[in-house]
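Chemist: Provided herewith is a single structure, encoded as structure tokens, for subsequent inquiry.
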Amino acid sequence: IVFSQITGVGITNYGIKKMIPKLFIYAVLINGSYWICAIGVDLSNILGSSTNQIFQGIKAGLTLPNADDFGATGTGWTGIAGGVLAGTVGASIALYATLSALLPALIAALFAIVTVFLVLTFRQAAIIIFVASSALWLGAGIFPNLENLAKKARKGFMVMLLINPGVGIAFGGSALASAIIMGAASGPYKVVI
């Protein structure tokens, strides 16, 4: 801008007047980039933890009819294990049926837990990289050729920030749904349910 103003080559007078406010805004953004990113990360972590705690609070406040006696009466896991130890054929068949139904669900749950662990590990590494390079990708927006790159970096940073609240909603919601389903299960097949 200074070179164009002195020599009259490059940017027009109107372009210079248009770029000076933009330059001032980006100077503030570049100097405060660490604090801006730190506030974003803190808000993301607070939101993720809060959403999980909201679901946990709802779960704690529920009064479900069958939540406490699940397996305690001899008809749940205790009954199946006792039947198998006693050699009851019906209990053995129920155990195999239950395990064959639960095995794919357990494998899927294990896969989901490992995937979430890897995503959260990647998120942690990506946030460190985004924060360390925040002055560069925030400052790249001032240059017309790099503006698209700056937008992509901002979007990527926002995605990394939204992962934690998403995981909080998913885990809190699934724990609440599990408690509701287990508490509402009744009858001879409540172990399977």
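Chemist: Treating cross-link reach as a plain straight distance, find the lysines whose alpha-carbon is under 27 Å from the alpha-carbon of Lys59, omitting any fewer than eight places away in the same chain.
Modeler: Lys190
Chemist: Could you list, in their original order, any pairs among Lys22/Lys155; Lys17/Lys155; Lys18/Lys155 whose Cα atoms are separated by more than 23 Å?
Modeler: Numbers: Lys22/Lys155 20 Å; Lys17/Lys155 29 Å; Lys18/Lys155 25 Å.
Over 23 Å Cα-Cα: Lys17/Lys155; Lys18/Lys155.
Read-outs: derived from the displayed coordinates by stated rules, not from any lab. Just so we're clear, the structure is a prediction, and the values are computed from it rather than from any experiment.
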